[in-house]
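Report on one structure; see the data block that follows.
The values are calculated or read from the model by the stated rules, or taken from the named source; none is laboratory data. As the structure is a prediction and not an experimental result, all values here were calculated from the model. Heads up, the Cβs are rebuilt from the backbone with ideal geometry, glycines too, and the neighbour counts pull from every protein chain shown.
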Amino acid sequence: MKIAEAVFAGSSTRISQKPKRKLPEFAFIGRSNVGKSSLINSLCGNRKLAMTSSTPGKTKVVNHFLINDSWYLVDLPGYGYARMGQKGRDELAAVIRDYITGSQEMVLLFVLIDARHDIGRIDIDFLSELGEHGIPFALIMTKCDKLGPNALLAQVERDREILLQEWEELPPVFCSSSQTHQGREEILNYIGRLLETI
């Protein structure tokens, strides 16, 4: 699948504020500074679509982008930003939870994991919460260009072993890089296949 058009469709902090037009939604989330906005820009072929920053915690609202006038790509706030006060973290968690548990249009949640490190406890806890709520998700390993092929393979396998201690079956896993656009076609084709089933 190709993205021919990507248009900002609105920001919200509650489900009731979402764009009124009901279309399938594919949402992206991950720990702060995991490279989420850069990946979204890579997928859409537009470096200025989603706001990127070297400072974690910049995305504080749910951003909808209308793709090909037929579905939404949803940019969610990052989780686990330690330098934010407890009140701020609680508010962000409420925004995230309201969307992922309340959006009836969300087809799939892509959870981004930094390929340079072992999957963290905070990520595992978040995935467990998704499982408890029956929310469908897939994993995207980001910054895969920072590792050599053998190191990347070893890291993916190590993360698989960690996850299999908690899960009987693993979701789809994609390796990506916003610098080299690795994984872009695979992720978009996967979205395309899911859209065909709706």
Exercise for the section: Return the total of residues in region 128-144 being touching a residue at least 24 places away in the same chain (Cβ under 8 Å) and surrounded by fewer than 21 Cβ atoms within 10 Å (Cβ to Cβ). Expected result: 8
Problem - Filter result for the condition that a residue is out of contact with any helix residue (DSSP H, G or I) (no Cβ under 6 Å at 6 or more places or on another chain), at pLDDT 95 or above and in a helix (DSSP H, G or I), over Asn189, Asn150 - result: Asn189
Exercise for the section: Could you list, in sequence order, all residues of region 16-53 that are assigned to a helix (DSSP H, G or I), within 18 Å of the chain's Cα centre (by Cα) and over 19 Å from Leu195 (Cα atoms)? Expected result: Lys36, Ser37, Ser38, Leu39, Asn41, Ser42
Exercise for the section: Name the residue, out of Ile162, Ile135, Ile119, that is over 21 Å from Asn46 (Cα atoms) and touching an Asp or Glu at 6+ places or on another chain (Cβ under 6 Å). Expected result: Ile119
Practice task
Determine whether region 85-104 contains at least one residue that is within 16 Å of the chain's Cα centre (by Cα), outside any helix (DSSP H, G or I) and not aromatic (Phe, Trp, Tyr).
Solution key: yes
Exercise for the section: Take Gly183 and decide whether it is surrounded by fewer than 18 Cβ atoms within 10 Å (Cβ to Cβ) and on the phi > 0 side of the Ramachandran plot. Expected result: no
Completion exercise
Per the filter on region 145-169, residues of a type in the set (A, V, I, L, M) and either touching a residue at least 24 places away in the same chain (Cβ under 8 Å) or more than 22 Å from Ile122 (Cα to Cα) (or both) are Leu147, Ala151, Leu152, Leu153, Val156, Ile162, Leu163
